[in-house]
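The structure appears right after this line, and notes come after that.
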Amino acid sequence: MNKRNGASAKWRFGIVALIAFLLGIGLTLLLMSVKRNRAKNDLQRTINIIKENYVDKVDIDDLEESLIPHLLNNLDPHSTYLTREESEIDMQRLDGAFYGVGISFNTLIDTPVVVNVIMGGPAERAGLQNGDRIMAADGESLLDELSSEDIQKRLKGKRGSVVDLSIFRSGKSLNIPVTRDEVPIQSIDVSYMVAPEVGLIRINGWSRSTYSEFITCVAKLLKENMKALVIDLRDNAGGYLEPAIEVANEFLAKGQMIVYNEGKAYPKEEYIANGRGMFPNLPLTILVNELSASSSEVFAAAMQDHDRATIIGRRTFGKGLVQRPFFLPDSSQIRLTIARYYTPSGRSIQKEYTMGDKDEYSRDLLDRMNAGEAYAVDSTLFSEAPQYTTDGGRVVYGGYGVMPDVFVAADSTHSNSYYLRLIESGLISEFAFRYADTNRKALSSLHSPQEIADYLRQKGTLIHSLASYAAKHGIQQRTILLQEAAPQLERVLFAQIAQFILGTEGFYCIYYKDDTTIAAAIEVLKKQIEV
């Protein structure tokens with residue numbers, strides 16, 4: 001065979017091989033398409049069979065909608081379906097506002113009583129006060145045994161509409177019209193000087209308003225001679241990513257990475273500090289625990305990877321997945337995981353999960369507690385977890401949440417079975433409200449949480465009064481256990497009474513008085529201030 005014939009044969013063979021390869025790909029794609037179409041057709045066929053043959057009439061739209069959660073349940077634990085009502089509530093929380101009157105109330109007595117007037121809301125502008133009894137709304141009595149939901153329906157309405165409230169205050173009847181408007185949802189519970197030169201800001205969630213709230217709080221604390229800051233992210237389950245990035249930017253230098261995301265359908269997206277942060281040198285500690293998740297972990301991990309802050313507390317939840325909302329025509333929502341996020345050192349802090357097994361995933365926290373992780377570090381994690389390094393060369397770990405730099409065990413001092421029963425029953429809160437309501441005049445003359453705590457402590461027998469109240473509601477008084485738990489009960493009770501008088505800040509200023517994690521943070525910061 002000459003060279004020309006040989007080359008021709010090779011050429012023909014190559015063409016045949018290429019055609020065979022393309023046919024193979026085409027056949028594979030065709031089979032995949034057939035499989036998808038068959039699954040789709042089988043699903044539609046099943047629905048049609050039910051529609052045409054089922055014994056009773058079935059709302060097919062409802063049936064199809066009911067399938068959505070089952071589809072998502074077979075994915076990761078954070079892909080989920082929200083009904084229209086659930087979606088509206090969730091979006092209000094994330095957006096940091098809703099439309100309404102702007103009060104919190106309870107119905108422990110026969111009349112709705114205002115327990116908190118939300119700052120910046122319409123009720124505050126109209127002059128409502130804590131302790132006001134709401135007798136009627138637009139002439140309709142609220143004195144009947146109405147549920148909280150029924151009362152809320154009568155108070156809610158369109159933005160700009162007016163509800164006329166009949167109020168009973170200090171022995172006088174008042175008529176107060178309230179124009180329904182935007183009600184801000186505060187994502188920061190409290191900001192105050194927790195020690196000389198040390199400020200504390202507690203963030204309860206990451207909403208659209210968090211960054212502006214944060215800057216306002218820091219400005220206030222700087223005027224009070226703050227030289228170091230504690231950011232409390234304990235129990236903060238996350239929210240929007242953007243505000244966590246904005247707050248992180250305030251503490252980092254130009255060019256430092258904050259976080260990056262990447263997913264199959266979403267190319268790598270990096271978030272980098274722009275160098276315009278106002279607090280690049282402010283000594284910083286961050287408090288976390290097993291309920292700190294998502295955006296809270298993004299923020300804490302960025303500070304840890306750049307050696308910018310000391311992370312104090314316990315291992316975080318371990319959520320490293322990014323969700324995007326997809327809204328359906330009825331305003332319900334599919335919240336689908338679209339990417340993973342990675343910290344500046346490249347670690348994913350997402351804990352392990354099995355596709356379709358949300359029960360096992362949700363049991364993780366309980367398993368941690370049963371294993372005693374709240375009271376001691378699980379050293380096995382350090383051998384199992386992948387290792388990364390911070391800017392300064394320290395070893396940090398991925399795959400199991402953010403592990404703190406300084407571990408602080410959960411405070412079990414003065415906690416026993418009697419104390420836990422009182423907490424779980426809700427009776428401490430009930431007793432606190434009734435006491436605050438009965439003694440509102442005297443308590444309202446006090447102007448700080450510490451003054452309220454001192455006043456209550458002088459009463460001497462308040463804890464025993466609580467125990468007697470609880471005994472009337474089915475929790476037998478246990479003298480020895482009561483004495484053992486008294487310091488912790490006093491702290492919780494005084495904090496809740498202060499909350500009913502002074503609001504959320506009143507609660508935390510007392511409740512955090514002997515907090516061991518905050519104490520550890522203060523010690524770390526004191527050394528940095530002295531340097």
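Numerical summary
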{"item": "Matching residues, segment 406-447, being touching a Lys or Arg at 6+ places or on another chain (Cβ under 9 Å), open to solvent by less than 60 Å² (accessible area, probe 1.4 Å) and under 30 Å from Leu321 (Cα atoms)", "result": "Val408, Ala409, Ala410"}
{"item": "Odd one out for Glu197 among (1) open to solvent by 40 Å² or more (accessible area, probe 1.4 Å); (2) in contact with a Phe, Trp or Tyr (Cβ under 9 Å, 6 or more places away or on another chain)", "result": "(2)"}
{"item": "Any hit, segment 61-83, residues being closer than 28 Å to Gln186 by Cα, without any contact (Cβ under 8 Å) to a residue 40 or more places away in the chain and open to solvent by 10 Å² or more (accessible area, probe 1.4 Å)", "result": "no"}
{"item": "Any hit, segment 214-221, residues being in contact with a strand residue (DSSP E or B) (Cβ under 7 Å, 6 or more places away or on another chain), modelled with pLDDT of 95 or more, among the aliphatic types (A, V, I, L, M) and part of a loop (DSSP other than H, G, I, E, B)", "result": "no"}
{"item": "Single condition Ile245 does not satisfy, out of (1) in a helix (DSSP H, G or I); (2) over 27 Å from Leu336 (Cβ atoms); (3) β-branched (Val, Ile, Thr)", "result": "(2)"}
{"item": "Residues satisfying the stated conditions in segment 92-145, i.e. hydroxyl-bearing (Ser, Thr, Tyr) and over 13 Å from Ser166 (Cα atoms)", "result": "Tyr99, Ser104, Thr107"}
{"item": "Candidate set from segment 487-531 (those that are farther than 19 Å from Ile201 by Cα and charged (D, E, K, R)); member that is most open to solvent (accessible area, probe 1.4 Å)", "result": "Glu530"}
{"item": "Odd one out for Glu352 among (1) touching a strand residue (DSSP E or B) at 6+ places or on another chain (Cβ under 9 Å); (2) modelled with pLDDT under 90; (3) surrounded by fewer than 16 Cβ atoms within 10 Å (Cβ to Cβ)", "result": "(1)"}
{"item": "Residue in segment 290-300 that is most open to solvent (accessible area, probe 1.4 Å), counting only those that are among the hydrophobic types (A, V, I, L, M, F, W, C) and over 16 Å from Glu250 (Cβ atoms)", "result": "Leu291"}
{"item": "Qualifying position, being under 28 Å from Ala519 (Cβ atoms) and in a loop (DSSP other than H, G, I, E, B), among Ser412, Ser331, Ser348", "result": "Ser412"}
{"item": "Qualifying residue in segment 201-208 (condition: in a strand (DSSP E or B), at pLDDT below 95 and over 18 Å from Leu282 (Cα atoms))", "result": "no"}
{"item": "Scope segment 171-192; condition touching a Lys or Arg at 6+ places or on another chain (Cβ under 9 Å) and modelled with pLDDT under 85; matching residues", "result": "Ile185"}
{"item": "Sole residue being under 30 Å from Ile311 (Cα atoms) and either in contact (Cβ under 8 Å) with a residue 24 or more places away in the chain or out of contact with any Cys (no Cβ under 7 Å at 6 or more places or on another chain) (or both), chosen from Arg180, Arg208", "result": "Arg208"}
{"item": "Hits in segment 278-293 - residues which are under 20 Å from Val198 (Cα atoms), in a loop (DSSP other than H, G, I, E, B) and not aromatic (Phe, Trp, Tyr)", "result": "Met278, Pro280, Asn281, Leu282, Pro283"}
{"item": "Residues located in segment 149-196, provided they are of a type in the set (S, T, N, Q) and within 30 Å of Leu221 (Cβ to Cβ)", "result": "Gln186, Ser187, Ser191"}
{"item": "Hits in segment 158-189 (condition: in a loop (DSSP other than H, G, I, E, B) and open to solvent by less than 80 Å² (accessible area, probe 1.4 Å))", "result": "Gly160, Ser161, Gly171, Arg180, Ile185, Ser187"}
{"item": "Where Arg457 falls short, out of the listed (1) under 23 Å from Ile231 (Cβ atoms); (2) open to solvent by 70 Å² or more (accessible area, probe 1.4 Å); (3) in a helix (DSSP H, G or I)", "result": "(1)"}
{"item": "Only one of Leu420, Leu466, Leu446, Leu493 that is in a helix (DSSP H, G or I) and within 20 Å of Val190 (Cβ to Cβ)", "result": "Leu493"}
{"item": "Residue list for segment 231-242, restricted to those being over 22 Å from Thr337 (Cα atoms) and either over 12 Å from the mean Cα position of the chain (by Cα) or open to solvent by less than 10 Å² (accessible area, probe 1.4 Å) (or both)", "result": "Ile231, Asp232, Leu233"}
{"item": "Within segment 496-531, considering residues that are in contact (Cβ under 8 Å) with a residue 12 or more places away in the chain, charged (D, E, K, R) and in a helix (DSSP H, G or I), the one nearest to Tyr435 (Cα to Cα)", "result": "Glu505"}
{"item": "Considering residues of segment 261-274 that are part of a loop (DSSP other than H, G, I, E, B) and at pLDDT below 95 only, the residue nearest to Ala410 (Cα to Cα)", "result": "Lys264"}
{"item": "Qualifying residue in segment 304-315 (condition: of a type outside the set (A, V, I, L, M, F, W, C), open to solvent by 50 Å² or more (accessible area, probe 1.4 Å) and not in a loop (DSSP other than H, G, I, E, B))", "result": "no"}
{"item": "Qualifying residue in segment 317-328 (condition: open to solvent by 20 Å² or more (accessible area, probe 1.4 Å), over 24 Å from the mean Cα position of the chain (by Cα) and over 23 Å from Gln387 (Cα atoms))", "result": "yes"}
{"item": "Those residues of segment 150-172 which are over 14 Å from Gly127 (Cα atoms) and polar (S, T, N, Q), in sequence order", "result": "Gln152, Ser161, Ser170"}
{"item": "Members of segment 134-157 that are surrounded by fewer than 20 Cβ atoms within 10 Å (Cβ to Cβ), part of a loop (DSSP other than H, G, I, E, B) and of a type outside the set (Gly, Ala, Ser)", "result": "Asp138, Leu143, Asp144, Glu145, Leu146, Lys156"}
{"item": "The one condition in (1) modelled with pLDDT of 95 or more; (2) within 20 Å of Pro404 (Cα to Cα) that Asn249 fails to fulfil", "result": "(2)"}
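The values are calculated or read from the model by the stated rules, or taken from the named source; none is laboratory data. Just so it is clear, the model here is predicted, and its values are computed rather than measured. Cβ atoms come from the backbone with ideal geometry, glycine included; neighbour counts cover every protein chain shown. Just the protein is used for accessible areas: all its heavy atoms, side chains included, with ligands, DNA and RNA removed. Shrake-Rupley method; radii C 1.70, N 1.55, O 1.52, S 1.80 Å.
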